[in-house]
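Have a look at the structure below before the remarks.
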Amino acid sequence: MPLYDYVCQKCKNKFEMLRKFSDSSPVACPKCASTEVTRKPATFITGGDKHKHHPHWPFERG
């Protein structure tokens, strides 16, 4: 299950919620119970510079 970031439009509370991809039920703010929430764009953290120091091995088929 992915973790989503939400912002409540009523009270401006920021929160996270685990939800299934198939779950289409409304999301309610845990602070004020409003369903006027928007999902924030996903953020990703990359490996940074560590990949520059490790060789990339070619993928071999057996």
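The values are calculated or read from the model by the stated rules, or taken from the named source; none is laboratory data. Bear in mind that the values here come from a model prediction, so they are computed numbers and not experimental data. In this analysis, Cβ positions are derived from the backbone assuming ideal geometry, glycine residues included, and neighbour counts consider all displayed protein chains.
Quick notes on this one:
- Pairs where the first residue, in the range 15-39, is within 16 Å of Leu3 (Cβ to Cβ) and the second is at pLDDT below 95 and among the aromatic types (Phe, Trp, Tyr), C-beta under 9 Å, 6+ apart: Glu16/Tyr4; Met17/Tyr4; Leu18/Tyr4; Arg19/Tyr4; Val27/Tyr4; Arg39/Tyr4
- Residue match in the range 46-57 (condition: assigned to a loop (DSSP other than H, G, I, E, B) and either under 20 Å from the mean Cα position of the chain (by Cα) or at pLDDT 65 or above (or both)): yes
- In the range 1-15, the residues that are part of a strand (DSSP E or B) and surrounded by 10 or more Cβ atoms within 10 Å (Cβ to Cβ): Tyr4, Asp5, Tyr6, Val7, Cys8, Lys14, Phe15
- Filter pass, Phe21 being in a strand (DSSP E or B) and either out of contact with any Phe, Trp or Tyr (no Cβ under 9 Å at 6 or more places or on another chain) or surrounded by 12 or more Cβ atoms within 10 Å (Cβ to Cβ) (or both): no
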